[in-house]
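Participant: Let me begin by handing over the structure; questions about it come next.
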Amino acid sequence: MGDFVRIVEVGPRDGLQNEKAHVSTADKIELIDRLSATGLRTIEATSFVSPKWIPQLADAAEVYAGITRRPDVAYPVLVPNETGYERARAVGVEEIAVFTAASEAFNRRNVNAGIDESLARFAPVLERARADGVKVRGYVSTVLGCPYQGEVPLADVVRVSQRLHAMGCYEISLGDTIGVGTPHQARAMLQAVAAEIPLDALAVHFHDTYGQALANLLACLEAGVRVVDAAVSGAGGCPYASGASGNVASEDVVYMLHGLGLRTGVDLPRLAETGRWLAARLGRETGSKAGKAMTAVP
Ligand code: HMG
Ligand code: MG
């Protein structure tokens, strides 16, 4: 494997969808523009899901239309169905992400549909995306545990990942949605999926609820994964897991990767400053330890 790791910054979407504080449309746009000036190559900008389900991102179209798009940065958005696809395309979206779970119970709570039903919903979306030249990423949630069914069999993670990949998703992001996994378990999960799907089409997505995210990430990096989802300032949480913290903080991930001698192309001080700025907007301390250390005022 190479020494470059692509960070998929999910703060503006996965982070903000779970923050209680109101964030204005202008601040969301500023967040994305600040992030795109740090050297990040992929920034998940927002989500065209039902505003009844996720009111925090009801201004998705305004946000997307307002950002200054850089040619070297991809700005994927989350899409749950054809309605979302049409809303996204209307403002010029060129990359989307679809999402389902390895746990049937979780998927029902999240999108009001079983796994097979959600995959069937994506079939026409993927067909249209292919015809329109739109890239599609796929998420599998609850890969290391589910708040409803508890353990999630590895075979289910593999099966759902394979389905998304076969449907045309160029990359599958494996998500420990509620942040309960530990390193050896995380690596075994990655390796089980990698036995069926090329490793370079896989990404890992950790939440830090039990403080395991960086350790899990390291275990997966050692197994060869080179795409990592993270959220600046550790933004987010999970509405279905009490006490759940947000995504692993991008600043912490970049700090660790650079320390390991891996490249990200990200300007860490600039990213830390953006994390500090976002935390102020959210009215709380940054969820990034590296960010806190780097922006501390003596
Ligand atoms: P539903 O209520 O079962 O279906 O929702 P519906 O089709 O009857 O839609 C209800 C209403 O929403 C209707 O409006 C639709 O028109 C409208 P009404 O007739 O009542 O006025 N609607 C929409 N409006 C705007 N955009 C749309 C859209 N679709 C329908 N796209 C649905 C089903 C899938 C839409 C809903 O459950 C939903 O949007 N869920 C999204 C939940 C979500 O965003 N969860 C968080 C993302 S997943 C995640 O965070 C995990 C991840 O980070 C990885 C990890 O951490 O593991 C990816
Ligand atoms: Mg997530």
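Participant: Count, please, the residues in the range 31-50 that happen to be farther than 25 Å from residue 174 by Cα and free of Cβ contacts under 8 Å to residues at least 60 places away in the same chain.
Facilitator: 1
Participant: List the pairs whose first member sits in the range 204-231 and is without any contact (Cβ under 8 Å) to a residue 40 or more places away in the chain and closer than 14 Å to residue 257 by Cβ, whose second member is within 11 Å of ligand 2 (Cβ to nearest atom) and in a loop (DSSP other than H, G, I, E, B), and whose Cβ atoms are under 8 Å apart, counting only residues at least 6 apart or on separate chains?
Facilitator: That search, which allows pairs on different chains as well, returns 213/179; 213/248; 217/248.
Participant: I'd like the full set of residues that are farther than 16 Å from residue 276 by Cβ, surrounded by fewer than 24 Cβ atoms within 10 Å (Cβ to Cβ) and within 19 Å of the chain's Cα centre (by Cα), limited to the range 9-29.
Facilitator: Those that are farther than 16 Å from residue 276 by Cβ, surrounded by fewer than 24 Cβ atoms within 10 Å (Cβ to Cβ) and within 19 Å of the chain's Cα centre (by Cα): 17, 18, 20, 29.
Participant: Considering only the range 272-298, state which residues are touching a strand residue (DSSP E or B) at 6+ places or on another chain (Cβ under 9 Å), buried (at least 20 other Cβ atoms within 10 Å of the Cβ) and modelled with pLDDT of 95 or more.
Facilitator: 275, 288, 290, 291
Participant: Now a separate question. If only one of 124, 153 is farther than 24 Å from residue 15 by Cα and within 14 Å of ligand 1 (Cβ to nearest atom), which one is it?
Facilitator: Among 124, 153, only 124 is farther than 24 Å from residue 15 by Cα and within 14 Å of ligand 1 (Cβ to nearest atom).
Participant: Answer yes or no: is there a residue in the range 120-130 that is buried (at least 17 other Cβ atoms within 10 Å of the Cβ), among the β-branched types (Val, Ile, Thr), touching a strand residue (DSSP E or B) at 6+ places or on another chain (Cβ under 6 Å) and modelled with pLDDT of 95 or more.
Facilitator: No: zero hits.
Participant: For the condition among the aromatic types (Phe, Trp, Tyr), crowded, with 16+ Cβ neighbours inside 10 Å and more than 14 Å from ligand 1 (Cβ to nearest atom), what is the one hit in 85, 75?
Facilitator: The conditions single out 75.
Participant: Assess whether residue 111 counts as being open to solvent by less than 10 Å² (accessible area, probe 1.4 Å), touching a residue at least 24 places away in the same chain (Cβ under 8 Å) and either farther than 21 Å from residue 211 by Cα or of a type in the set (D, E, K, R) (or both).
Facilitator: Here the answer is no, as residue 111 does not meet what is asked.
Participant: Here is a further query. Out of the residues in the range 206-223 meeting the condition of being within 15 Å of ligand 1 (Cβ to nearest atom) and among the hydrophobic types (A, V, I, L, M, F, W, C), tell me which one is farthest from residue 14 (Cα to Cα).
Facilitator: Of everything passing the filter in the range 206-223, 220 is farthest from residue 14 (Cα to Cα).
Participant: Those residues that are without any contact (Cβ under 8 Å) to a residue 40 or more places away in the chain and either over 17 Å from the mean Cα position of the chain (by Cα) or farther than 16 Å from residue 201 by Cα (or both), I need them from the range 166-179; list them, please.
Facilitator: 166
Participant: Further question on the same structure: For residue 163, indicate whether it is of a type in the set (Lys, Arg) and under 22 Å from residue 77 (Cβ atoms).
Facilitator: yes
Participant: Of the numbered conditions (1) among the small types (Gly, Ala, Ser); (2) closer than 27 Å to residue 282 by Cα; (3) buried (at least 24 other Cβ atoms within 10 Å of the Cβ), residue 244 satisfies every one except a single condition; which is it?
Facilitator: Only one criterion in (1) among the small types (Gly, Ala, Ser); (2) closer than 27 Å to residue 282 by Cα; (3) buried (at least 24 other Cβ atoms within 10 Å of the Cβ) is unmet by residue 244, namely (3).
The values are calculated or read from the model by the stated rules, or taken from the named source; none is laboratory data. All values derive from a computational prediction rather than experimental measurement. Here the Cβ is made from the backbone with ideal geometry for all residues, glycine too, and neighbour counts use every protein chain on show. All accessible areas refer to the heavy atoms of the entire protein, side chains included, with ligands and DNA or RNA removed. Shrake-Rupley method; radii C 1.70, N 1.55, O 1.52, S 1.80 Å.
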